[in-house]
Amino acid sequence: ILLAALLMTSTATPSPACQVWQREQAFARSVREHDAAAFRRFLAADSVFNANGEHPQHGPAAIMQAWAPIIDGKTIQLDWQPAHVVTSADGRLALSSGPYVMTTTGKDGRTHAVTGRFATTWRRGRDGAWRVQFDGGDDGRPADAAALAAFARHRDAPCPEAR
């Protein structure tokens with residue numbers, strides 16, 4: 001009986017919160033790996049980025065254009081990771097939030113790192129896949145060595161429910 005219980009646990013479908021946690025990690029990985037096609041697959045047809053800013057981008061075409069330098073990664077590197085995920089009672093919406101690190105390279109060749117917080121709203125499609133509906137974040141603040149080390153320690157951490 002114990003073996004059967006262990007087998008059922010190891011093959012069980014992750015909770016909706018853990019599914020979103022894993023999607024958020026894969027979404028960030030698409031940017032780290034400069035994979036625009038993979039990044040695009042995370043976007044809902046009616047997604048909105050910079051949702052909390054003055055100039056939101058509506059739809060995948062506008063988002064892909066705005067994010068091209070970030071995905072390219074030559075002068076801007078962006079990385080983020082979930083720290084919290086909460087799902088709606090009906091399991092169709094989720095909010096993921098956590099830290100991000102953005103590093104830019106100036107014309108002088110020096111790098112500048114900023115750390116802040118992001119929030120992403122995910123919607124489960126009819127096909128069962130979670131896609132980004134809204135995305136935004138704060139302006140961040142200069143990152144110190146301790147903040148960068150803490151970020152690196154928690155990168156790709158497993159979903160808290162799976163620990």
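The values are calculated or read from the model by the stated rules, or taken from the named source; none is laboratory data. Computed from a predicted structure; not experimentally measured. When we count neighbours, we look across all protein chains shown, and the Cβ atoms used for this are built from the backbone with ideal geometry, even at glycine. With ligands, DNA and RNA removed, areas are computed over all heavy atoms of the protein, side chains included. Shrake-Rupley method; radii C 1.70, N 1.55, O 1.52, S 1.80 Å.
Each label point was placed 7 Å from the Cα along the Cα-to-Cβ direction; for H55 and A157 their separation is 3.5 nm.
Across the protein chains, with a 1.4 Å probe defining accessible surface, the residues K74, K107 rank K107, K74 from largest area downward.
Got a sec? Charge dipole of segment 54-141, +1 on Cβ for Lys and Arg, -1 for Asp and Glu; which of P82, Q57, G128 is way out at the positive end? My answer, from the dipole projection, is G128. Expressed in Å, the radius of gyration and Dmax of the Cα atoms of the chain are 17.0, 65.
Here the sum of -39500 (n - 2.57) over DSSP H runs of 4 or more residues, divided by the residues of the chain, equals -10500 deg cm²/dmol at 222 nm, to the nearest 500.
Counting only protein heavy atoms and using a 1.4 Å probe, the accessible area of T105 comes to about 50 Å². For segment 48-106 versus segment 107-163, the inter-centroid distance based on Cα atoms is 8 Å. Here segment 112-163 is treated with +1 on each Lys and Arg Cβ and -1 on each Asp and Glu Cβ, and its dipole about the Cα centre works out to around 220 debye.
Using +1 on the beta carbon of Lys and Arg, -1 on that of Asp and Glu, and nothing else charged, what's the dipole of segment 24-89 about the Cα centre, debye to 20? Each step should come with its number before you reach the end.
Details: 5 positive and 7 negative charges, 26 e Å.
In debye, rounded to 20, segment 24-89 gives about 120.
Share of carbon and sulfur in the accessible area of segment 1-159 stands at 58%, probe radius 1.4 Å. For the chain, the antiparallel share of DSSP beta bridges with both residues in that region comes to about 90%.
Largest GNM mean-square fluctuation across L93, L148, L43, computed for the chain with C-alpha springs under 10 Å, falls on L148. Computed from point charges on the beta carbon alone (+1 for Lys and Arg, -1 for Asp and Glu), the dipole magnitude for segment 1-147 about its Cα centre is near 280 Debye.
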